[in-house]
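One structure below.
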Amino acid sequence: MSYIEQSLAAGEKVVAMFRLHWFVWLRVWLLLLLGAIVVACVLVAGTRIGGSPGSAGWIALAVAVIVLVVVLYQAMILRAIEQGVTNHRVIRKTGLVSRQSTELRLASIETVDLKQTFWGGVFRYANIEITGRGETAMFLQRLADPMGVKRAIETAYSQNVEGARMGPAA
């Protein structure tokens with residue numbers, strides 16, 4: 001069960017969960033590819049230099065272990081990010097063991113801004129900045145389907161905040 005689902009209050013339900021764009025995983029895959037290239041080069045260089053094949057194998061193994069540890073760490077960091085909206089609030093959680101969550105009540109939202117770079121437009125990702133009353137701001141970063149995220153937040157706001165202000169229809 002996700003952090004967002006665990007933190008629901010009575011009567012609160014998840015409206016939408018927001019996925020990170022595949023582009024954020026590119027760094028992990030490039031690091032893995034670079035590690036594989038380095039391991040291959042160490043093995044090839046070890047056999048061509050004429051040194052003992054065992055020493056090149058141990059060096060390659062050490063490089064492979066270091067790369068795998070770094071890749072797994074980066075992957076765990078990315079997998080631990082949760083972003084979503086409920087019928088009461090917008091939530092962003094990072095961290096696996098030491099968690100940090102940012103929450104903004106729907107009733108205190110003033111603006112939902114989409115921030116998209118040139119490359120974000122090309123690869124279809126963006127950041128969303130949600131500002132609340134006072135100096136409260138929340139950033140949802142590197143989102144897939146940024147327009148869908150903006151729409152989900154604004155729909156949750158209009159249905160649960162503006163709808164509550166209007167009262168039941170006659």
Restricting the stretch 1-26 to residues that are in a helix (DSSP H, G or I) and in contact with a helix residue (DSSP H, G or I) (Cβ under 7 Å, 6 or more places away or on another chain), the residue that is least open to solvent (accessible area, probe 1.4 Å): VAL24
Residues satisfying the stated conditions in the stretch 75-93, i.e. closer than 16 Å to HIS21 by Cβ and in contact with a strand residue (DSSP E or B) (Cβ under 6 Å, 6 or more places away or on another chain): ILE81, GLU82, GLN83, GLY84, ARG92
Any chance LEU43 is touching a Gly at 6+ places or on another chain (Cβ under 9 Å), open to solvent by 60 Å² or more (accessible area, probe 1.4 Å) and in a helix (DSSP H, G or I): yes
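Listed here are the residues, each with its yes/no results for (1) touching a residue at least 12 places away in the same chain (Cβ under 8 Å); (2) not small (Gly, Ala, Ser).
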{"site": "ARG19", "(1), (2)": "yes, yes"}
{"site": "TRP22", "(1), (2)": "yes, yes"}
{"site": "LEU32", "(1), (2)": "yes, yes"}
{"site": "THR47", "(1), (2)": "no, yes"}
{"site": "GLY54", "(1), (2)": "no, no"}
{"site": "VAL70", "(1), (2)": "yes, yes"}
{"site": "ALA75", "(1), (2)": "yes, no"}
{"site": "THR86", "(1), (2)": "yes, yes"}
{"site": "ARG92", "(1), (2)": "yes, yes"}
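The values are calculated or read from the model by the stated rules, or taken from the named source; none is laboratory data. Because the structure is predicted, anything quoted here is derived from the model rather than measured. Heads up, the Cβs are rebuilt from the backbone with ideal geometry, glycines too, and the neighbour counts pull from every protein chain shown. Just the protein is used for accessible areas: all its heavy atoms, side chains included, with ligands, DNA and RNA removed. Shrake-Rupley method; radii C 1.70, N 1.55, O 1.52, S 1.80 Å.
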